[in-house]
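Engineer: Dropping a structure here in structure tokens format, bear with me for questions.
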Amino acid sequence: MTGASTDPSARLPPDPTFSPEAYVSVSRILRGGVIAFVILATGGMIAELWLHPGYTLSSILSTPQSFGPDRLAAFYARLIAGSPTAFITLGVFAMIIVVVGRVVFVAYHAFHGHERPLAYIATVVVLLLLLGLFVIGAVVA
Amino acid sequence: MLLIVLVVSLLLIAVAAGFVGSLAGLGGGVVLAPVLVLFFNVPFGYAIGASAVSVLATAATSGAAYVHDRLTDLRIGSVLEIATVPGALIGASATVVLSHTSLVPVLLILLGVVLVSTVPGSLSMRHEEHPPDVEPDALSRRFHLEGNYYDLLHQKVVHYKGQNTVTALLVMFAAGIVSGLFGIGSGVLKVLALDRALRLPMKVATATSNFMIGVTVTAGVGVLFAGGLIVPMLAAPAAVGTAAGAFAGSRLLPKLTNRLIRWVFTAVLLVLAIETIVRGAFAL
């Protein structure tokens, strides 16, 4: 899932913090999340349509919705029960994990590249994301 | 409407939204949310949930391609996330309060007017293929907000330097609030910050915006999950479709001129501005 077929890194001057391998790694992290999501979401959609061919919009709005990061136990129970919509939610989780993961990756490379301000910024962003996913959602609920 | 009809229709519309979104630096959520409300009679909250997941898909798909092609500026995107993520948390939390008031339509109209006001500025730069050599400000120098990208079309390395960093951070903070409030990536505001304030080339601006919107939406998605607003059978076709569209768009962008991308962005900006005002006026 990459754009141009040529390798731009060969033509660009070196980046002191992010090596060409770092760019490739971030790209692979994001690509992995998308592939996982597409497989899980497509499989979940097909299974749900197969199991409930007569469902309408009001049917899906009246059934229990997905459980987020604040209710992982309930989500896990539905996943074990083989609920197709739980597999779609798992795909969404995969994308969330890769987004958080790539910020962690940036923080890691910034620390190793002795770019402390950038490393601190990325670390604060990770903490804020975790706060939003696990704390603020639960408080609002 | 049968679910299978809804799923197939949504998949097709989402492909188009993802394609345009990846070219213009947007998530596609601003297209999908109103389509779900207006054409499929989906309640607004569920439309926002589906739109947020589709923005995640666009961001990850386009991000993977643009980071690989070194069009995304990892450093600039990462630094500006410090402003947009707190904004998204504030915006997402504010949805709880604002949903019970009449402030949302007013905010929508205000946002639409702000977007319209930026159109003449974008048009004035329509002949600009690469930004002029600018003097970076103190913050830009402190965080090394400069970089290079290889322009595939012109077969040359283009160097750029950021300026007006404080303005860019303020716009990013506002983009975060809007993103949290309406479940969108706020790519239009991010591109404006990167293009008009920092003065990055359009390709780098749209690519870096696509990279950032995933983080902005992730900050608010926990609230949407907790509120039961993410319906898997709405989110899945919207996000799979936008991922497919974004994949196609991300293959095309490196081969386009910055001028053409600016035209696409300005057209989308104008349509979105009008749509936002209409949504506010009719409280959609």
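The values are calculated or read from the model by the stated rules, or taken from the named source; none is laboratory data. This one's a predicted model, so the numbers in the text were calculated from it and none came from an experiment. When we count neighbours, we look across all protein chains shown, and the Cβ atoms used for this are built from the backbone with ideal geometry, even at glycine. Ligands, DNA and RNA are excluded from the accessible area calculation, which covers all protein heavy atoms including side chains. Shrake-Rupley method; radii C 1.70, N 1.55, O 1.52, S 1.80 Å.
Engineer: Can you work out the Karplus-derived ³J(HN,Hα) for every residue in the range B:134-146? Use 6.51 cos²θ - 1.76 cosθ + 1.60 with θ = phi - 60°, whole Hz, and x for glycine or proline.
Structural biologist: So the J values, rounded to whole Hz, are 10, 8, x, 7, 4, 5, 4, 5, 4, 9, 6, 7, 8.
Engineer: Interface size between chain B and chain A, please: total buried accessible area, 1.4 Å probe, rounded to the nearest 100 Å². Show your work: numbers first, answer last.
Structural biologist: Details: alone 11990 and 9660 Å², together 15620 Å².
For B against A, buried area totals roughly 6000 Å².
Engineer: Summing Lys, Arg as +1 and Asp, Glu as -1, what charge do residues with Cβ under 11 Å from the Cβ of A:F18 carry, A:F18 excluded?
Structural biologist: Working: positive: B:R70, B:R75; negative: A:D15, A:E21, A:E115, B:D73.
Its environment carries a net charge of -2.
Engineer: While we're looking at this one, here's another question. Check each residue of the range A:38-79 and keep those whose accessible area, probe 1.4 Å, is at least 30 Å² smaller with all protein chains in place than in the chain alone; give them in order of residue number.
Structural biologist: At a threshold of 30 Å² (probe 1.4 Å), the residues of the range A:38-79 that become less exposed are A:M45, A:L49, A:Y55, A:T56, A:L57, A:I60, A:L61, A:Q65, A:S66.
Engineer: Explain nothing, just the number: relative contact order of the range B:2-283, from Cα pairs under 8 Å at least 6 residues apart, as a whole percent.
Structural biologist: Values: 544 pairs, mean separation 114.6, N = 282.
Once normalised by length, the contact order is 41 percent.
Engineer: Let me ask another. Counting only protein heavy atoms and using a 1.4 Å probe, what share of the accessible area of the range B:2-283 belongs to carbon plus sulfur, as a whole percent? Don't skip to the answer; put the middle values down first.
Structural biologist: On the way: 6320 of 8820 Å².
Roughly 72 percent, rounded to a whole number.
Engineer: Kindly tabulate the residues in the range B:118-154 with an accessible-area decrease of at least 10 Å² between the chain alone and the assembly of all protein chains, using a probe of 1.4 Å.
Structural biologist: Buried by 10 Å² or more upon assembly, which counts only protein chains, are B:R142, B:F143, B:H144, B:N148, B:Y150, B:L152.
Engineer: So, R0 is 45 Å and r is the distance between the beta-carbons of A:H52 and A:R11; what FRET efficiency does that work out to, to 0.05? Don't skip to the answer; put the middle values down first.
Structural biologist: Working: r = 53 Å, r/R0 = 1.17.
So the FRET efficiency works out to roughly 0.30.
Engineer: Which of the trypsin sites (Lys or Arg not before Pro) found in the range B:130-196 are in a DSSP loop and have at most 13 neighbouring Cβ atoms, other than their own, within 10 Å? Working shown, then result.
Structural biologist: Values: sites: B:R141, B:R142, B:K156, B:K161, B:K190, B:R196; in loops: none.
Those that pass, being in a loop and sparsely packed, number zero.
Engineer: Now a separate question. Give a residue-ordered list of calculated ³J(HN,Hα) values for the range A:86-98 (Karplus: 6.51 cos²θ - 1.76 cosθ + 1.60, θ = phi - 60°; whole Hz; x for Gly, Pro).
Structural biologist: Whole-Hz 3J(HN,Hα) from phi for the range A:86-98: 5, 5, 5, 4, 4, x, 5, 4, 4, 5, 4, 4, 5.
Engineer: How shielded is A:87-95 by partner chains, expressed as the average number of their Cβ atoms within 10 Å of its Cβ atoms?
Structural biologist: Mean number of neighbouring Cβ atoms from other chains: 6.
Engineer: Quick one: which residues, 5+ away or cross-chain, put their amide H under 5 Å from the amide H of A:T56? H built at 1.01 Å from N.
Structural biologist: B:L3
Engineer: In whole percent, and with a 1.4 Å probe on the protein chains, what portion of the accessible area of chain A is carbon and sulfur?
Structural biologist: On the way: 4660 of 6610 Å².
C and S fraction of accessible area: 70 percent.
Engineer: Would you mind computing, in nm to one decimal, how far apart the modelled labels at B:D133 and B:I274 are, each placed 7 Å from Cα along Cα→Cβ?
Structural biologist: Going by the 7 Å Cα→Cβ label model, 4.2 nm.
Engineer: Compute the accessible area per residue over the protein assembly as shown, keeping the other protein chains in place, probe 1.4 Å, unit Å².
Structural biologist: Working: 15620 Å² over 425 residues.
Accessible area per residue, the protein assembly as shown: 37 Å².
Engineer: Specify the inter-centroid distance of the range B:192-239 and the range B:241-262, based on alpha-carbon positions, in whole Å.
Structural biologist: The two parts, judged by their Cα centres, are 16 Å apart.
Engineer: If you don't mind, another one. How much mean residue ellipticity at 222 nm does chain B get from its helices, if each DSSP H run of length 4 or more adds -39500 (n - 2.57) and you divide by all residues, to the nearest 500 deg cm²/dmol? Before the final figure, lay out the partial values.
Structural biologist: Numbers: 11 runs with 205 residues, N = 284.
Calculated mean residue ellipticity at 222 nm is -24500 deg cm²/dmol.
Engineer: How do A:53-59, B:9-15 rank on mean C-beta neighbours within 10 Å, highest first? Numbers along the way, then the final one.
Structural biologist: On the way: A:53-59: 13.7, B:9-15: 21.1.
Answer by packing, highest mean first, reads B:9-15, A:53-59.
Engineer: At 0.36 nm per residue, and after removing the present C-alpha to C-alpha distance, how many nm does the segment from B:S9 to B:N41 gain when stretched out fully?
Structural biologist: Working: separation 32, 0.36 × 32 = 11.52 nm, distance 1.34 nm.
Net length gain for the segment: 10.2 nm.
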